[in-house]
Amino acid sequence: MCTVQVGGRTVSGCTTPVTNGMVVESESPELADLRRGIIEMLFVEGNHMCPSCEKSGDCELQALAYRYRMDVPRFPFSFTDRSIDASLPHLILEHNRCIQCLRCVRGVKARGGQDIFGFRNRGREIRITVDTTVPDALSDDTAIRAEAICPVGALIRKGPHYLTPIGQRRFDLTPIGADVDRKGGRQ
Ligand code: SF4
């Protein structure tokens, strides 16, 4: 999603070093279509049933789909049938919704700094795992942090949901990227 154009070349903004005189194009119809294509790929690769998802309105993938006006994906749906792991006391792992961003792996640690989340396999077969031997791994606090950091509804804390009605959630109230638009960065 950070794809930009530098000197007419399409590159990822987060890995391209800045150089003197560099001219970066960050918003154009071509980039918008490219980003829309990436969103579409993420949608068809998993099962993202927004109307029935607990994260609806709070989901970055859904919010980006609205931002880039995704309609019908140009790719065929893969209708994944991965197992849902509800064995942990406070957290559900819905692998069909995981977009493999690894934010949970990088961002949710135990108080001692140990990794809680990891992954096994590679490519489309990547599955997020939880090291249940790590202190804090099974706590409700970890589940809260995991749900918050996950951009989609792949990590869901067990307990009541829909306390904030759909229509009044984060991206319902402020569409993703609205701050960029306000600064005039969007074409
Ligand atoms: S944060 Fe969510 S979407 Fe990203 S890898 Fe972890 S479970 Fe998957």
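Points to keep in mind about this one:
- With respect to the conditions (1) of a type in the set (Ser, Thr, Tyr); (2) closer than 24 Å to GLY153 by Cα; (3) assigned to a loop (DSSP other than H, G, I, E, B), THR16 lacks only one, and its number is (2).
- Here segment 143-169 is the region considered, the condition is being within 16 Å of the ligand (Cβ to nearest atom) and either basic (Lys, Arg) or in contact with a Gly (Cβ under 6 Å, 6 or more places away or on another chain) (or both), and the residue that is farthest from LYS109 (Cα to Cα) is LYS158.
- Odd one out for SER26 among (1) surrounded by 14 or more Cβ atoms within 10 Å (Cβ to Cβ); (2) at pLDDT below 95; (3) out of contact with any strand residue (DSSP E or B) (no Cβ under 6 Å at 6 or more places or on another chain): (3)
- Applying the condition of being over 18 Å from the mean Cα position of the chain (by Cα) and within 13 Å of the ligand (Cβ to nearest atom) to segment 89-124 and asking which residue is nearest to GLU45 (Cα to Cα) yields ASN121.
- Conditions (1) over 30 Å from PHE79 (Cβ atoms); (2) touching a strand residue (DSSP E or B) at 6+ places or on another chain (Cβ under 6 Å); (3) of a type outside the set (Val, Ile, Thr); (4) not in a strand (DSSP E or B): number failed by LEU34: (1)
- Residue within segment 127-142 that is on the phi > 0 side of the Ramachandran plot and within 14 Å of the ligand (Cβ to nearest atom) present: no
- Every residue from segment 56-108 that is charged (D, E, K, R) and out of contact with any strand residue (DSSP E or B) (no Cβ under 8 Å at 6 or more places or on another chain): ASP58, GLU60, ARG67, ARG69, ASP71, ARG74, ASP81, ARG97, ARG103, ARG106
The values are calculated or read from the model by the stated rules, or taken from the named source; none is laboratory data. Since this is a predicted model, take the numbers as computed values, not measurements. Positions of Cβ are backbone-derived with ideal geometry, glycine not excepted, and every protein chain shown enters the neighbour counts.
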